[in-house]
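Reviewing the structure listed below.
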Amino acid sequence: MLRKKLMAGSVVVVVAALIAGTTTSAAAAQRLAPPFFQGAANGGVTTAKSDPAKFKNCADPKKGEPFGTATPQEAGLDPAVLDQLATTHLLSLQRTLYVLRFGCLVKTGPLNAVFENTPQHVWSMTKGFSTAVIGRAVTMGIFDVHDTVGKYFPDLGDAVHRSVTAQQLLQHTSGVKMNWANEIPGIEFDRVQAWGSAPMQHAPGTYFEYSQNGPATVNAMAEKAMQQHGYKDFQDFAQRELFDAIGIDRDNYFWMRDQAGHTEGYAGLHMRPIDLARFSLLEQNNGVYGGQRLISPEFMREAGTGSEANPGFGYQTWVNSAPWYNTVGLNGLKEKIDQPLIASAPTDMTYGWGWRGRHFFTMPNLGLDIVTTSIEHDLEYNPATAGSEVVVQGEQLSGYHEFFRTAMHAVTDQKVPDPGPYTGRAASLTAFNPGNWVDPIYTVQGRLAAGMLDQNKPGIKQNVADLVRVMAHTGPFVLYN
């Protein structure tokens with residue numbers, strides 16, 4: 001039963017995205033300064049800035065246009081090594097693979113032609129998309145990362161809950177107790193109310209705790225600001241102000257809402273793999289797409305910078321420059337890992353991370369993007385073995401290490417340092433905290449007894465309408481797969 005319930009939640013994180021600066025007095029600037037990590041950037045291998053002028057460059061594809069392509073030689077990549085990378089990816093039971101350099105599509109996986117136009121659940125990569133939408137709102141001046149929960153929800157929770165900022169929610173440092181039984185039901189009744197009713201365990205901004213309800217709460221805050229400027233809701237703003245600009249059609253994705261109608265932030269986005277590659281180009285171009293500045297460089301920079309509470313995690317974006325990081329803590333025990341996220345990948349890499357191999361990896365110095373989706377999540381996953389799982393706890397271990405060793409060997413215009421075989425943390429069982437799953441305040445059974453799926457709720461009605469519309473356009477696809 002526990003493993004089945006786990007399927008309804010996202011486990012790993014993800015992506016990409018960003019922040020906007022404001023002009024303040026010196027005192028205000030010091031008060032508002034985010035607790036960004038200022039330590040050494042030694043979380044991966046050092047790369048030099050590749051010269052795009054030496055290779056073929058491709059323009060960002062407009063809506064309805066295919067990606068520009070380049071041969072591996074035209075992109076400064078070794079074709080034999082790319083073949084090896086694609087084979088490794090396929091044998092790891094992955095679904096689609098995109099390798100892009102300087103905007104050109106250079107390599108795809110053997111199964112891309114079968115799956116790339118079918119929406120797939122991206123799990124926690126959803127967090128990166130939410131962050132980018134919020135970054136667009138910040139850049140337009142209609143939302144601020146220093147806005148508090150209380151500004152938009154004056155009756156939610158207590159005074160401490162209402163003092164939490166959007167920035168702290170994006171960094172997952174709100175201080176609210178995280179409990180998997182509370183946060184992973186498939187269609188939550190009201191995630192904002194659930195977040196506001198959870199106990200406050202730490203002073204906001206001081207402690208990292210991976211959250212599933214927090215992302216919906218910050219989306220709901222931004223939605224309130226968007227509605228004040230004439231947008232219907234969060235998804236209306238996302239389409240009109242971001243997705244249209246990068247060529248993602250509204251009928252090609254399904255973004256789930258909770259029963260109250262809040263756009264999910266932890267997961268719930270089902271998008272075509274080919275469109276994930278478009279989004280990765282936005283990340284690679286530092287918030288610019290097709291020559292249009294969509295997200296400010298300040299937001300992009302701060303989103304890709306970890307916090308003091310977790311230097312490996314920015315604004316819902318994983319940061320490879322960190323020498324240490326805190327895990328997601330699916331087993332109920334968040335762990336501090338004294339090693340880089342992926343020691344064989346570039347120091348400047350940031351990435352979105354979704355359950356079981358949904359990723360966009362952005363490497364600015366190399367002008368390189370790698371985008372992946374997976375065939376299936378593991379239906380037999382056991383949280384007690386979280387420490388031995390490559391893609392769950394944040395412990396990529398040897399799997400991602402070897403994948404990026406291969407990817408870096410493909411680069412021909414510079415010799416990327418090779419750290420050698422994986423020598424970091426061993427794959428082994430970690431302690432499991434059942435209290436994080438069966439806390440009497442949060443038991444799944446108790447929550448379900450309070451009310452089942454209500455088809456008359458606005459979020460359910462909108463989900464059904466959206467699902468019918470998208471499937472009529474794309475064809476059938478499997479929810480949560």
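What follows is calculated from the coordinates using simple rules that are stated; it is not laboratory data. Owing to the predicted nature of the structure, the values given are computational and were not obtained by experimental measurement. Backbone-built Cβ (ideal geometry, glycine too); neighbour counts: all protein chains shown.
Converting phi to 3J(HN,Hα) with the Karplus coefficients 6.51, -1.76 and 1.60 and the offset θ = phi - 60°, region 360-366 yields 10, 9, 10, 10, x, 4, 8 Hz in sequence order, with x at every glycine or proline. Across the options V164, H146, P119, the greatest Cα extent toward the positive end of the charge dipole of region 79-229 (unit charges at beta carbon of Lys, Arg, Asp, Glu) belongs to P119. In a DSSP loop and with at most 14 other Cβ atoms within 10 Å, the trypsin sites (Lys or Arg not before Pro) in region 53-143 are K62, K63. Can you bin region 109-193 into rounded, prolate or oblate? Criterion: square roots of the alpha carbon gyration tensor eigenvalues sorted a ≥ b ≥ c, rounded for a/c under 1.5, prolate for a/b above b/c, oblate for the rest. Judged from the Cα gyration tensor, region 109-193 comes out oblate (a/c at least 1.5, b/c at or above a/b).
The residues packed around L82, meaning those with a beta-carbon under 11 Å from its beta-carbon, carry a net charge of 0 if Lys and Arg are +1 and Asp and Glu are -1.
What net charge do the residues around R162 carry, taking every other residue with its C-beta under 13 Å from that of R162, with Lys and Arg at +1 and Asp and Glu at -1?
-2
From most to least packed by mean Cβ count within 10 Å, the peptides 454-462, 163-171 give 163-171, 454-462. Of F360, F403, the sequence from fewest to most neighbouring Cβ atoms within 10 angstrom is F403, F360.
Looking at region 212-287, the trypsin sites (Lys or Arg not before Pro) that sit in a DSSP loop and have at most 12 other Cβ atoms within 10 Å of their own Cβ are K232. Three principal axis extents of region 166-273 based on alpha-carbon atoms, in descending order, are 41, 28, 25 Å. Among S197, F237, S174, which residue has its Cα furthest toward the positive end of the charge dipole of region 132-283, with +1 on Lys/Arg Cβ and -1 on Asp/Glu Cβ? Going by the charge dipole, the pick is S174.
Order these by the 10 Å Cβ neighbour count, fewest first: L100, L269, L111.
Fewest-to-most ranking of L100, L269, L111: L111, L100, L269.
For region 59-101, a/c is not less than 1.5, where a ≥ b ≥ c are the root eigenvalues of the C-alpha gyration tensor, and a/b does not top b/c. That puts it in the oblate class. Between the alpha-carbon centres of region 225-254 and region 69-127 there is a gap of 27 Å. Scaled against the 2.2 N^0.38 Å expected of a compact globular protein of N residues, the Cα radius of gyration of region 245-379 reads 1.11. Near G261: Cβ cut-off under 15 Å, other residues only, Lys/Arg at +1 and Asp/Glu at -1. The net charge is -3.
For region 142-239, a crude dipole built from +1 on the beta carbon of Lys and Arg and -1 on the beta carbon of Asp and Glu, taken about the Cα centre, is about 120 debye to the nearest 20. By the gyration tensor of its Cα atoms, with a ≥ b ≥ c the square roots of the eigenvalues, what is the shape of region 32-165: rounded for a/c under 1.5, prolate for a/b over b/c, or oblate? Prolate, because a/c is 1.5 or more and a/b exceeds b/c.
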